[in-house]
Amino acid sequence: MFATKFLRSSIFSAAIRESSDICSILPKRFASTAPQIDVFVVQDSKDFDERVKNSKVPVIVDFFATWCNPCRMLTPRIESVIAERKGEVVLAKVDIDEHTELALDYDIGSVPVLIAMKNGKVEDKLIGLQDTDKLRKFVDKVVKSK
Amino acid sequence: MSSMAFLATRRFAGGLASRLLGVSGPGEVEFVLIRRKAQAPRGAPSQTSRRFASTSSRSSHGFDYDLVVIGGGSGGLAAAKEAVSLGKKVAVLDFVEPSPRGTTWGLGGTCVNVGCIPKKLFHQAALLGESLHDAASFGWNIPERKQITLDWAKLRESVQNHIKSVNWVLRVELRDKKVEYINALGSLIDTNTVHAKLKNGSERILKANHILLAMGGRPIYPDIPGALENCITSDDIFSLPEAPGKTLVIGAGYIGLECAGFLNEFGMDATVMVRSVVLRGFDQQMAGLITEEMKSRGVKFLFKCVPVSMVRQADGKVKVTWKNLEDKSESSDLYDTVLMATGRRPLTLEVKADQVGIKLHPDSKKVVSEKELTNIPNIFAVGDILEGKPELTPVAIQAGKLLAQRLYNNGKIEMDYDNVATTVFSPLEYGCCGLSEETAIERYGDDNIEVYHAFYKPTEFFIPQRSPARCYMKVVCQRQSPQKILGMHYIGPQGGEVIQGYAAAMKVGITMEQLMDTVGIHPTVSEEFTRLWITKRSGIDPTPQSCCS
């Protein structure tokens, strides 16, 4: 049947689109030879404690959901801003469905939310999709603060 | 840790987190979700009575919880939130057993995950397709009909993403309101004890003063060879990875009709198998019109037929054999998908309700209940598990809220299960409220019932030349003046939107005389109710002659 065939092929194309979306949220620097890993996905609460709370450098925590379109748009923007700082600040990504308790502990009601953390303390919070300029100011503020 | 200390710690932690996070205002940003603030309950108690309630009740009954709710659907969540707002300590257990096809979902119950919400969105997708075709005659330059097709994967993903966002909102809401959420399968050990089997396999025992059963139901798989292995149900349809293709829907209740309706509009081959009647329990004249409308759109019907067997073929298709109950003949055909929609069963045995002595209806296994009470004094029930009550989300919500008010706030209002409006979201919608014509005649006698009716032509149907043949409405009322209205029935566009307001009017006892006295909004479909004047008894042709005045 024509309709069914068409539907099947469109599923295929959707799968390609989906995988490209997923690529953009995976840690980009794992495979590179760069010494500093500045984007990573939080695995569990222990991982969060070790790599976020105990981080030597400030951390931007990106609370996101796979079903959230603004989150998908925010990801490449914040990643590029973090990359500009060349290791002065790192980005930790938290999938709120995978780590619900963690997200609820940080009062995440809507996504995307960016939280700036330094020495284990929350310094700032940004809710919703932002343009790159605003993200740059947000990151600058936490990097420069004492 | 005492329960009070537990609550206090939670509150402190919550406060700390929000203080830590500071106050950065949203500014010019885009949100996916905005947390809804807790609404003040109707007749909210004063601060004093709240505090009094929370201290006194806990010390008096000695259980860990004031209320444990089994089931995180519409009814259970509504009751839990209401009880917490009245100062009670509440836990909600929610767990979804995967469907035989392996489909599972999150918090919120049937309506949010595999019912009203995805159904309405798929229906909307179907309506948009229809509007696209109409648009050409209104001057829009759009591709040829054949080129307008549906991307099933895209639709599924959009709908599933929306559902997941709702799951999250509900989760946050429970946390905000301090309802303890336990992702566990609950069952009754005794009348004050709930066993919780958590997702990771660990177990918990919860002691509660009150227990609310709100498990809802799941689709039935009839005992037919191959059915369990080869059929999907409404649990699966909205998350199917691939378009269902040629589909046989077994069952002609509202779920079956709605699914067949949107699949047909999506351009798939859809057949409905009907054992006895279409839309049992609904007005049968209206059910007949809905059937005619769906046929005219291309849905096929197999009347008086029951499935005999289902066998998966090498190419993945399912060969369904069925029997005609009238001439006893057998036939068969191949389908890509077979959707079983022959009814739902309550999850009462799963929670061992029978084993603690809760009275269940012998056939349906639903809870026999008056005013949401069971025969066990401290166990209550709401929602789809109640025998003889409508299986509708807003009914469960209302019943759950009112029950909590009666239990914890000296509330006096009881749930009114009469005159609840509902809508079948078939391609042309059927909205109704109150009695069907046959029930009204049965209760009041033919001589005491008047039925006003009319076919009508929606203004927007003329230009695209859509058929108004099944656009029909009727009002069933008492014959004696002032002709109190007993039932209102509407088939046409926006059935849900049309009937809701009339449901409020019926709630306050609207009469036919008052309805006739109401001035309509022109040009709308809803105004046609105010223009009714032909009675069935008069024998006058209810078909409109012209368009206006």
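The values are calculated or read from the model by the stated rules, or taken from the named source; none is laboratory data. Owing to the predicted nature of the structure, the values given are computational and were not obtained by experimental measurement. Don't worry about glycine lacking a Cβ; one is built from the backbone with ideal geometry, like all the others, and counts go over all protein chains shown.
Observations
- Options A:Leu74, A:Leu104, A:Leu135; residue that is within 14 Å of chain B (Cβ to nearest Cβ), part of a helix (DSSP H, G or I) and closer than 21 Å to B:Gly106 by Cα: A:Leu104
- Filter pass, A:Val61 being within 20 Å of A:Phe48 (Cα to Cα), crowded, with 21+ Cβ neighbours inside 10 Å, in contact (Cβ under 8 Å) with a residue 40 or more places away in the chain and within 12 Å of another protein chain (Cβ to nearest Cβ): yes
- Annotation for the range B:431-454: no member residue is more than 15 Å from B:Met512 (Cβ to Cβ), aromatic (Phe, Trp, Tyr) and either modelled with pLDDT of 95 or more or in contact with a Cys (Cβ under 6 Å, 6 or more places away or on another chain) (or both).
- In the range A:77-101, the qualifying residues are those that are among the β-branched types (Val, Ile, Thr) and assigned to a helix (DSSP H, G or I), and the one that is farthest from the other protein chains (Cβ to nearest Cβ) is A:Ile82.
- The number of residues in the range A:107-132 being assigned to a strand (DSSP E or B) and either within 19 Å of B:Ser165 (Cβ to Cβ) or at the interface with chain B (Cβ under 9 Å from one of its Cβ atoms) (or both) comes to 11.
- Qualifying position, being surrounded by fewer than 17 Cβ atoms within 10 Å (Cβ to Cβ) and either without any contact (Cβ under 8 Å) to a residue 40 or more places away in the chain or within 30 Å of B:Leu248 (Cβ to Cβ) (or both), among B:Leu360, B:Leu325: B:Leu325
- Among the residues of the range B:297-321, those identified as within 29 Å of the chain's Cα centre (by Cα) and without any contact (Cβ under 8 Å) to a residue 60 or more places away in the chain are B:Gly298, B:Val299, B:Lys300, B:Phe301, B:Leu302, B:Phe303, B:Lys304, B:Cys305, B:Val306.
- A count restricted to the range B:243-281 and to residues that are farther than 27 Å from B:Lys317 by Cα and touching a Gly at 6+ places or on another chain (Cβ under 9 Å) stands at 3.
- Unmet criterion (only one of (1) within 21 Å of B:Thr110 (Cα to Cα); (2) more than 10 Å from chain A (Cβ to nearest Cβ); (3) polar (S, T, N, Q)) for B:Ser165: (2)
- Residue within the range B:156-179 that is polar (S, T, N, Q) and in a loop (DSSP other than H, G, I, E, B) present: no
- Only listed residue being surrounded by 22 or more Cβ atoms within 10 Å (Cβ to Cβ), modelled with pLDDT of 95 or more and of a type in the set (A, V, I, L, M, F, W, C), chosen from B:Val382, B:Val368: B:Val382
- The one condition in (1) among the aliphatic types (A, V, I, L, M); (2) more than 14 Å from chain A (Cβ to nearest Cβ); (3) surrounded by fewer than 24 Cβ atoms within 10 Å (Cβ to Cβ); (4) more than 21 Å from the chain's Cα centre (by Cα) that B:Leu279 fails to fulfil: (4)
- The one condition in (1) of a type outside the set (Ser, Thr, Tyr); (2) surrounded by 17 or more Cβ atoms within 10 Å (Cβ to Cβ); (3) more than 26 Å from A:Asp105 (Cβ to Cβ); (4) more than 13 Å from chain A (Cβ to nearest Cβ) that B:Phe138 fails to fulfil: (2)
- Matching residues, the range B:511-523, being in contact with a helix residue (DSSP H, G or I) (Cβ under 8 Å, 6 or more places away or on another chain) and without any contact (Cβ under 8 Å) to a residue 12 or more places away in the chain: B:Val519, B:Gly520, B:Ile521
- Of the residues B:Pro468, B:Pro542, B:Pro482, the single one that is of a type outside the set (S, T, N, Q), assigned to a loop (DSSP other than H, G, I, E, B), more than 24 Å from B:Phe282 (Cα to Cα) and touching a strand residue (DSSP E or B) at 6+ places or on another chain (Cβ under 8 Å) is B:Pro482.
- Selection over the range B:197-224 of residues that are outside any strand (DSSP E or B), surrounded by fewer than 16 Cβ atoms within 10 Å (Cβ to Cβ) and aliphatic (A, V, I, L, M) gives a count of 1.
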